[in-house]
1. Cβ-Cβ below 6 Å, separation at least six or inter-chain, first residue in segment 13-31 and more than 11 Å from Tyr69 (Cα to Cα), second part of a helix (DSSP H, G or I) and at pLDDT 85 or above: which pairs?
2. Restricting segment 94-114 to residues that are of a type in the set (Val, Ile, Thr) and at pLDDT 90 or above, which is farthest from Trp225 (Cα to Cα)?
3. Go through segment 203-232 and give me each residue that's at pLDDT below 75, touching a helix residue (DSSP H, G or I) at 6+ places or on another chain (Cβ under 8 Å) and surrounded by fewer than 20 Cβ atoms within 10 Å (Cβ to Cβ).
4. Looking at Ala49, Ala99, can you tell me which residue is closer than 19 Å to Ala208 by Cα, within 11 Å of the chain's Cα centre (by Cα) and buried (at least 18 other Cβ atoms within 10 Å of the Cβ)?
5. Could you list, ordered by first residue, the pairs with Cβ atoms under 6 Å in which the first is in segment 199-215 and farther than 18 Å from His112 by Cα and free of Cβ contacts under 8 Å to residues at least 12 places away in the same chain and the second is among the small types (Gly, Ala, Ser) and in a loop (DSSP other than H, G, I, E, B), at least 6 apart or interchain?
6. Quick test of your reading of the structure: Ala78 fulfils all but one of (1) in contact with a His (Cβ under 7 Å, 6 or more places away or on another chain); (2) under 27 Å from Leu25 (Cα atoms). Name the failing condition by number.
7. How about segment 91-113: which of its residues are part of a helix (DSSP H, G or I) and either farther than 12 Å from Pro51 by Cβ or in contact with a helix residue (DSSP H, G or I) (Cβ under 6 Å, 6 or more places away or on another chain) (or both)?
8. Return the residue satisfying two criteria in turn: it lies in segment 33-59 and is among the hydroxyl-bearing types (Ser, Thr, Tyr) and in a helix (DSSP H, G or I), and of such residues it is nearest to Lys107 (Cα to Cα).
Amino acid sequence: MQERDAKRCKKIVNLDEWSWVQKLLSILGFAELAQHSFSSEEGPTLHLALPALKALHSAWSSHSAQIKYIDFHQALDAAIDKILDYYMKSASSDAHIMAMFLDPTQKAAHIHRYWGNDLLHEALENAEAMYKECYLEMYSDDAEKSSASTELHTSTGNHRLDVLLNKLSDGDEDALDTPYPPTLSHTSSASLFDLVDPLKPWLNNFHAYLNSKDHLGGMFIIQWWGLASRAHQLELLAMTPS
């Protein structure tokens, strides 16, 4: 990295100061990656907000624990607290939770990995309640719709956050122990289907979707749902109010 402006070069009088600037740019680079990972003018990205905040929190927490970033520890700790505050507020939003469930590349994976089984169960119950409300408005109490057996499979998934997480390490850091995102296989199909009450048939398709292996295949989520809603018979899931 080289400064081309002669006047600016004169202000950086030694290598130690230049090293300090490089470290600062490294720290700020994670914020830029996080921001870009859930920003788009072409499709919805609300489902990426919580994973991006978590990734940024992990990256800066790793830097704050390293001696070579000691000059930035105070600022990093303040920033980490602020990110945690944003994360907790967003995590209490039904819109953010449902947006993640509606993302076929992660579904319940982020919640299961970072929140644990108890909070996953709570999040599922909230999502089911929202789905039930819309379902009964459309179909009343006559909820005898058959479950879909058709699955939509395409070739690739969404790798936006992979770029951010791949940059969490510069060779001497270990920000995360496993790559993201994990697949839904972390939560077995049996464990999810066990939550379905046979007296509540509106949940059959909802849980069938959660346990299916789906990929965006280069499409945006809205495009994917335009095709997948019939395959999963979840026409109204994408219309669930947030």
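1. Partner pairs satisfying both residue conditions: Phe30/Leu56; Phe30/Ala59.
2. Ile111
3. Ser229
4. Ala99
5. Nothing qualifies.
6. (1)
7. Scanning segment 91-113 gives Asp94, Ala95, His96, Ile97, Met98, Ala99, Met100, Phe101, Ala109, His110, Ile111, His112.
8. Filtering first and then ranking leaves Ser37.
The values are calculated or read from the model by the stated rules, or taken from the named source; none is laboratory data. What you see is a predicted model; the values in this text were computed from it and never measured. Glycine also receives a Cβ, built like all others from the backbone with ideal geometry; neighbour counts cover every protein chain displayed.
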